[in-house]
Each structure stands twice: as C-alpha cells, then as structure tokens.
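The values are calculated or read from the model by the stated rules, or taken from the named source; none is laboratory data. Values in this document were obtained by computation on a predicted structure and should not be read as measured data. Ideal geometry is used to build each Cβ from the backbone, glycine not excepted, and the neighbour counts take in all protein chains shown. Side chains are part of the model used for accessible areas, which takes the heavy atoms of the whole protein and leaves out ligands, DNA and RNA. Shrake-Rupley method; radii C 1.70, N 1.55, O 1.52, S 1.80 Å.
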Amino acid sequence: MGNQVEKLTHLNYKEVPTADPTGMDRDEGPRIGVSYIFSNDDDELEQQQDSGHDLGGEHPALQPYDPQLHEVECSVYYRDECIYQKSFSEEDTLPEEGEEGGRGHLSTYTPENLLNRCKPGDLVEFVCQAQYPHWVVYVGDFQVVHLHRLEVVNSFLTDASQGRRGRIANQLYRYKPLSPAAVVRNALEQVGCKDRDLSWRNSECFAAWCRYGKREFKIGGELRIGKQPYRLQIRLGDKRSHTLEFQSLEDLIMEKRRNDQIGRAAVIQELSSHLQAAEEEDEEEEEDHPHHPGARTAVE
C-alpha cells in the first residue's frame, strides 16, 4: 500500500466504520470501533497544541480542572474480563491508600504535590481540558521516563507535567503489575528510542507496557482479524451506556484517548445524536415488523 494509504481518522461517531450504515450492529448490539492502524499517534497532535512550550519552559496558567466535569467514565473489557475502569462511583472503585473514598485514585494534584506521593515504578497521568492525557513512569529522584514527541526521554516530573495536574494511575488498568524495579528498568532501557524504532503509539501505551509488560500495548502487538474481542463501554449517565468493539487494545486506547481529548460533553453529544437516530429507526422498523427485537442499548 505504501504512500498511497491515507491516514484513517474520524470526526464523530457517525463516521466510524460499522457493519450497518446506521451505525448499529443489528446482530450483536455494540458498534464496531474504528481502526487507527494508519493514523498519527496523538503525541504528534499534542506537539502541535503546545509547540510553543518545550520541556522545562514557562507555561501559561491553566483553567481549573474538574475530572468529573471533563472526563469520560468508561470500562474496558477483554471478552468478559474487565481490564480497565475509570469511574467516579465509589461502588466501582477501591479506596487508595490514605483516601477515605473510592474516588481517591482519580483525584488530581499539582506536580509539586505529586512528588510527595510518587514511588519508583508508579504511573502518572497528567490531565488538562482539551488535551490528550500524558502518561509517565516515575523512576525516582524526582524524575520520570515518558514518550514525548516521538522519543522516549528522561525528564524531571515537574517539567514533564507542563503545568498540568496529575494523578497516580496505577489502579486504572487491572493487569498484574511487574515489580517496581522491573518497571523502572523497562522505562530506563528505552530512553533515547525514537521515530521508527518506537514500539508504542502514545505515552499511555508506553507507560502501561513498562508497568505490565504486555505486548498488547505495542504497535502491531495483536492481529486485527476475526471478531473484535475488546469492548469500550462508555457511560452516558442516567444508568445508560454505549459499547464499541475493537480488534486490538491499541486501537481501543486510541479511541479512549480521543474521548479524553474532546471531553465528556462532546462525547455524550456525539453518542446522543447517534442513539437518537438509531431509536427513530427502531420505531419505524417496529411499526413494520412488530416482533423484531431491534438493536440494544445497555441500561444498567
């Protein structure tokens, strides 16, 4: 295919390739997620957003960030196993050490405050409105290793944050972690890797690979054939959710990060428009075929 292959992107859920032109899989219920096999990694897009601010530079004052207002609650499943969950419900999360409520692991802190909380081998997620989350691996001595602008680099945590608030992200993925020493070793061994030698499409995949050691986080770590084994369940509120299916964890993470970048309100608006169109079609089909079950939208 070579240079004739165009980068695959989409603007909204209506443009996501699906088995049915209306966007609903009539046989299975969930929709098929987009494949990002030919797309840019989002660190390149992040570079365009903050091109005027390199590591170690001065950063403008950011607007107050409210995770519950801006972030999308979701769960990731591999077949029937939950492998990732971001939820603000205390029923769905375990309390973090030192926190009374179950939502403690999603609290965000200033970079300076994070330095007092991080231990070697911890993953840190920096978040900010309208930006892709940036993940780093804390390796000790106030330093982190992370994928930044198509290169794995070693930076001070405060510089890597670029002024953003962050959280320790060890509890989001539910895989069994490697030992802290192995996590730090994985990260440090990749410092200097860049461009075509990279095996990760974004900072989250790199950091998660360092901590869990799973090839699924690498570019091409899984074959994109057959039925989609991964499901991204997006919570819409009011006990409703919508599910997308993916052939690889890499593709799913790209979509999850896109949702984080555009924000909760935009994601709900996209899905609400899609679901409204699907429900109207269901009503029309029900009139023609009263016993046809139609597509299913999950209700918790």
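Report the chymotrypsin sites (Phe, Trp or Tyr not before Pro) located in segment 106-186 that are in a DSSP loop and have at most 16 other Cβ atoms inside 10 Å of their Cβ, or state none.
Answer in residue order: Phe142, Tyr175.
Indicate the gyration tensor shape class of segment 155-202 (rounded, prolate or oblate), computed on the Cα atoms with a ≥ b ≥ c the square roots of the eigenvalues: a/c under 1.5 is rounded; otherwise a/b larger than b/c is prolate and the rest oblate.
oblate
At 7 Å along the Cα-to-beta-carbon direction for both Asp66 and Gln129, put a label point, then send me their distance in nm to one decimal.
Taking the two extended label points, one gets 1.0 nm.
Carbon and sulfur together cover what percent of the accessible area of segment 114-244 at a 1.4 Å probe radius?
The value for segment 114-244 is 46 percent carbon and sulfur by accessible area.
If we sort 234-242, 162-170 on the protection proxy, mean other Cβ atoms within 10 Å, highest first, what's the order?
162-170, 234-242
What number comes out for accessible area per residue over segment 104-207 if the probe is 1.4 Å? Units Å², please.
40
In the neighborhood of Glu112, defined by Cβ-to-Cβ distances under 13 Å, what is the net charge if each Lys or Arg adds +1 and each Asp or Glu adds -1?
Net charge in that neighbourhood comes out at +2.
Net charge within 14 Å of Lys214 by Cβ-Cβ distance, Lys/Arg positive one each and Asp/Glu negative one each, not counting Lys214 itself?
Here the count lands on 0.
Set the bar at 26 Å for Cα to Cα. Now go through Lys194/Lys227; Lys218/Lys256; Lys86/Lys194; Lys194/Lys218; Lys176/Lys239; Lys194/Lys256 and name every pair that lies beyond it.
Lys194/Lys227; Lys86/Lys194; Lys176/Lys239
Count charges around Ala187 for me, please; just the other residues with Cβ under 12 Å from its Cβ, Lys/Arg as +1, Asp/Glu as -1.
Summing Lys and Arg as +1 and Asp and Glu as -1 gives 0.
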